[in-house]
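Visitor: Sending over a structure as structure tokens; questions will come in a sec.
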Amino acid sequence: MMHLKGPLAERDSWEASGCSIAKAIDLVGTRSAILILREAFYGATRFDQFSRRVGITDAVTSARLRELTEAGIFTKVPYRESGQRERFEYQLTDMGRDLFPVVMSLMQWGNDHLQPAGAPLAVTGIDHAPVRVGVVAEPTVVLSPEDVEVHIARRPG
């Protein structure tokens, strides 16, 4: 348990109004938002990739991508394939990329506590050393999504 210091030590004397955790959950706390972020870190950029890979309707995909884009997590970049109308790719902004440890923490927690047969995917650095997410004191090396590899650790079933 964390140690609350100063005026925070008397928990009943203050309220957690403006809580950063509550604000973050309000924005990315839905199943579809987190899974869209997962797919973005796996390399998805196009609407149909998100919709198909997450297994959600086009309406839900559209709503989540709009919310995440308006919040600054994604930016829309136009593209046009030959003979087609203009469409948009969704690319993570720096704000979106900062969610990488959040998504990786959820994956790690799920691997550790919800996968009795073992993690379905292994997460390693590009040097193939296992990667774990944790709270660290600075200075330390922080890995970006490009510094991490994900591969099959076991076969499903």
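The values are calculated or read from the model by the stated rules, or taken from the named source; none is laboratory data. Bear in mind that the values here come from a model prediction, so they are computed numbers and not experimental data. Cβ atoms come from the backbone with ideal geometry, glycine included; neighbour counts cover every protein chain shown. When the accessible area is computed, the model is the full protein with side chains, heavy atoms only, and any ligands, DNA or RNA have been set aside. Shrake-Rupley method; radii C 1.70, N 1.55, O 1.52, S 1.80 Å.
Visitor: Just check the chain against the gyration tensor rule for me: Cα atoms, a ≥ b ≥ c as the square roots of the eigenvalues, rounded for a/c under 1.5, and otherwise prolate or oblate depending on whether a/b exceeds b/c.
Guide: Oblate shape, in that a/c is at least 1.5 and b/c is the bigger or equal ratio.
Visitor: Here's another thing I want to ask about it. Relative contact order, percent, of segment 91-157 when contacts are C-alpha pairs under 8 Å separated by at least 6 residues?
Guide: The value is 36 percent.
Visitor: Shifting gears a bit: With +1 assigned to the C-beta of every Lys and Arg and -1 to the C-beta of every Asp and Glu, and no other charges, what is the dipole magnitude of segment 1-71 about the Cα centre in debye, to the nearest 20?
Guide: 320 debye
Visitor: Related question: Along each principal axis of its Cα atoms, how long is segment 59-100 end to end? Whole angstroms, biggest number first, please.
Guide: Largest to smallest, the principal-axis extents are 36, 23, 15 Å.
Visitor: Under a crude label model (7 Å from the Cα following the beta-carbon direction), how far is ILE21 from ASP94 in nanometres?
Guide: 2.8 nm
Visitor: OK, next. Taking the Cα atoms of segment 7-70, report the difference between the largest and smallest coordinate on each principal axis, in whole Å and largest first.
Guide: Cα spread of segment 7-70 along its principal axes, largest to smallest: 50, 22, 18 Å.
Visitor: Okay, next question. In debye, nearest 20: dipole of the chain around its Cα centre with unit charges on the Cβ of K, R (+) and D, E (-)?
Guide: That gives a dipole near 540 debye.
Visitor: Now for a different question. What FRET efficiency comes out for ASP147 versus LYS5 if R0 is 35 angstrom and r is the Cβ-Cβ distance? Round to the nearest 0.05.
Guide: Computed FRET efficiency for ASP147 and LYS5 comes out at 0.55.
Visitor: To the nearest 10 square angstrom, what accessible area does HIS3 show with a 1.4 Å probe?
Guide: 150 Å²
Visitor: Any idea which of VAL136, GLY55, PRO116 is furthest toward the positive side of the dipole for segment 51-157, if Lys and Arg beta-carbons carry +1 and Asp and Glu beta-carbons -1?
Guide: Of VAL136, GLY55, PRO116, it is GLY55.
Visitor: Still on this structure, please answer the following. Going by amide H atoms built from the backbone, whose H comes under 5 Å of the H on ALA122, apart from near neighbours?
Guide: HIS151, ILE152, ALA153
Visitor: In debye to the nearest 20, how big a dipole does segment 53-99 give about its Cα centre with +1 on each Lys and Arg Cβ and -1 on each Asp and Glu Cβ?
Guide: On the way: 8 positive and 8 negative charges, 31 e Å.
Rounded to the nearest 20 debye, it is 140 debye.
Visitor: Taking every Cα atom in segment 73-157, find the radius of gyration and the maximum pairwise distance Dmax, and write them in Å.
Guide: In order Rg, Dmax, the Cα atoms of segment 73-157 give 16.9, 53 Å.
Visitor: Using a Gaussian network for the chain with springs between C-alpha atoms less than 10 Å apart, which of these wobbles most: GLU67, GLU146, GLU86?
Guide: GLU86
Visitor: Explain nothing, just compute: Karplus ³J(HN,Hα) = 6.51 cos²θ - 1.76 cosθ + 1.60, θ = phi - 60°, for every residue of segment 36-52 in order, whole Hz, x for Gly and Pro.
Guide: Result, ordered by residue: 5, 4, 3, 5, 4, 5, 7, x, 5, 9, 10, 3, 5, 5, 5, 4, 5 Hz.
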